[in-house]
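Here's the structure, in structure tokens; my notes come after.
The values are calculated or read from the model by the stated rules, or taken from the named source; none is laboratory data. Computed from a predicted structure; not experimentally measured. Here the Cβ positions follow ideal geometry from the backbone for every residue, glycine too, while neighbour counts run over all protein chains shown. Areas reflect the complete protein model, heavy atoms only, side chains present, ligands, DNA and RNA absent. Shrake-Rupley method; radii C 1.70, N 1.55, O 1.52, S 1.80 Å.
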Amino acid sequence: MAKYCRNCGEELEEDASFCIACGTKTDGSQSNSKSSTADNINKSFSKVNDTIDKFSNDFSDSFSDLFDIYKINMIEDEKVIKRSKIHPGSLYIPILFVIITFILMILSFFMLTILFIIAVAWLIIRFISYSSTDLILTNKRVFGKTGLISTTQMQSPLNMINSVSFNNGIIGKLFGYGTVQIVTASTLYKFRYITDGQTLYSDIFNQLERTKKETLQEQAEAIAKAIANNK
């Protein structure tokens with residue numbers, strides 16, 4: 001089937017990228033251009049995330065003396081099953097807000113200086129949370145920490161956890177993060193903006209079920225052993 005230029009009507013060859021008469025790009029070229037644009041956007045987001053992660057790791061190392069997050073004595077036969085961090089997407093909106101308010105501040109410096117300061121403070125607070133939050137699941141317990149100056153930390157054996165839940169909003173679904181809530185016998189812990197929180201939630205839930213079964217099995221074996229000794 002013949003193809004024609006959408007600008008001048010000149011007949012085109014099947015593999016033509018441009019009209020030889022007027023130089024207009026063909027539909028195929030536009031499609032490739034759109035695909036290339038989408039690829040470039042995805043690559044840009046990937047580079048932004050890598051840059052944020054590298055800067056965050058350097059930031060965390062520089063403040064390692066303020067919180068001994070990893071100085072934990074491991075329990076016998078304990079091994080880490082999953083470790084989750086906050087998703088870089090939690091920084092996108094504050095960064096966008098900083099850029100917008102900075103541009104507006106240039107246009108109207110005196111009116112928008114306060115908004116820019118608030119935006120920068122918001123980004124700094126969010127970045128501190130991003131850099132200082134960790135949530136680790138082992139086959140024995142859950143360890144979590146959030147905050148740099150005002151710190152919340154939990155260490156709970158799996159058999160002391162009453163429930164675990166996960167929720168996320170529209171933006172969280174878009175970027176792949178959410179809030180993991182862990183309820184122990186005495187406290188509710190919330191860890192916000194956790195990367196792949198749905199998977200972590202499932203892993204914790206499955207580990208809780210496995211721990212309950214192992215406990216019941218140990219109890220059954222103890223009872224059977226006691227009965228055998230009494231005979």
Worksheet item: Cα-based count: Lys pairs in segment 120-231 below 22 Å, eight or more positions apart or different chains?
Response: 7
Discussion item. Need the C-alpha centroid separation for segment 169-231 versus segment 139-163, integer Å.
Written reply: 12 Å
Fill in: Surface per residue (accessible, 1.4 Å probe) for segment 104-148, Å²
49 Å²
Worksheet item: Tell me, what HN-Hα J-couplings in whole Hz come from the Karplus equation 6.51 cos²θ - 1.76 cosθ + 1.60 at θ = phi - 60° for each residue of segment 129-143, using x for Gly and Pro?
Response: 4, 4, 7, 10, 9, 9, 9, 10, 10, 10, 7, 10, 7, 10, 10
Worksheet item: Once phi is turned into θ = phi - 60°, what whole-Hz ³J(HN,Hα) does the Karplus curve with 6.51, -1.76 and 1.60 give for every residue of segment 151-161, x standing for Gly and Pro?
Response: 9, 10, 9, 9, 9, 10, x, 4, 6, 9, 8
Discussion item. With +1 assigned to the C-beta of every Lys and Arg and -1 to the C-beta of every Asp and Glu, and no other charges, what is the dipole magnitude of segment 166-231 about the Cα centre in debye, to the nearest 20?
Written reply: 120 debye
Response to the item:
Spelling it out for Arg141: with amide H atoms placed in the peptide plane at 1.01 Å from N, the residues 5 or more places away or on another chain with amide H under 5 Å from its amide H are Leu158
Worksheet item: Share of segment 145-231's accessible area from carbon and sulfur, percent, 1.4 Å?
Response: 53 percent
Worksheet item: Which value does Rg/Rh take for segment 72-181 over its C-alpha atoms, Rh per Kirkwood?
Response: 1.13
Fill in: Among Ser84, Thr187, Thr215 the positive-end extreme of the charge dipole of segment 83-231 (Cβ point charges)
Thr215
Practice prompt. Please express the shape of segment 135-198 as an equivalent ellipsoid: the semi-axes are the square roots of 5 times the eigenvalues of the C-alpha gyration tensor, given largest first in whole angstrom.
Written response: 21, 14, 11
